[in-house]
1. Can you tell me which residue in region 149-169 is surrounded by the most Cβ atoms within 10 Å (Cβ to Cβ), limited to those that are of a type in the set (Val, Ile, Thr), at pLDDT 70 or above and within 22 Å of LEU14 (Cβ to Cβ)?
2. Answer with yes or no whether GLY146 is assigned to a loop (DSSP other than H, G, I, E, B), out of contact with any His (no Cβ under 6 Å at 6 or more places or on another chain), more than 30 Å from LEU10 (Cα to Cα) and modelled with pLDDT under 75.
Amino acid sequence: MRARAVEIVLGRCLGLGCGEAVLVVTDPGMEAEARAFHRHARALGWEAALLSMPPPRSRGEEPPSFVAEALRSVPPGRPCILLSHSPLGAEEASGRGASAMLSGHTHGGQIWPFGLVVRLFYPRLAGAYAVGPLSLYVCRGTGTWGPPMRLFRRGEVVLFVLEPKGATP
């Protein structure tokens, strides 16, 4: 089942042919899943590389310097989706050629009216944004920070359906 999912994501959704390069970026919390994705991609014929991200050395380093360096190697026009815990690095990711970025961290403000303060630090609090050519989505998530509650800020689980360019719905 996992091999089929990898084949659909890489071949149909991203439109990559076998033998093309794929960079799988993960953090320690998702390393087992990323290793499985990497293993299946290689077994199916893609030139897959795996980059495991250590936690950032300092607050606000988004994307971390080694991810920014890896983004430089993405050929212009090639689809590149960056998964980043925080939405703070959207401008950097856009400038380095990422097509899309999926983030969280903000919890969508979690508790009203404290979300107004959170917005001072994270102007892209929740939802979809365009940052130059980059499409950014900041998910409110289902978890909480601090007190295990939400007040006037619903949690969310988002499903993205990726389709190749030119596909008819």
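The values are calculated or read from the model by the stated rules, or taken from the named source; none is laboratory data. Model, not experiment: these values are computed from the prediction. We place every Cβ from the backbone using ideal geometry, glycine too, and count neighbours over all the protein chains shown.
1. Among those residues, the one meeting the criterion is VAL158.
2. Numbers: assigned to a loop (DSSP other than H, G, I, E, B): yes; out of contact with any His (no Cβ under 6 Å at 6 or more places or on another chain): yes; more than 30 Å from LEU10 (Cα to Cα): yes; modelled with pLDDT under 75: yes.
In short, yes.
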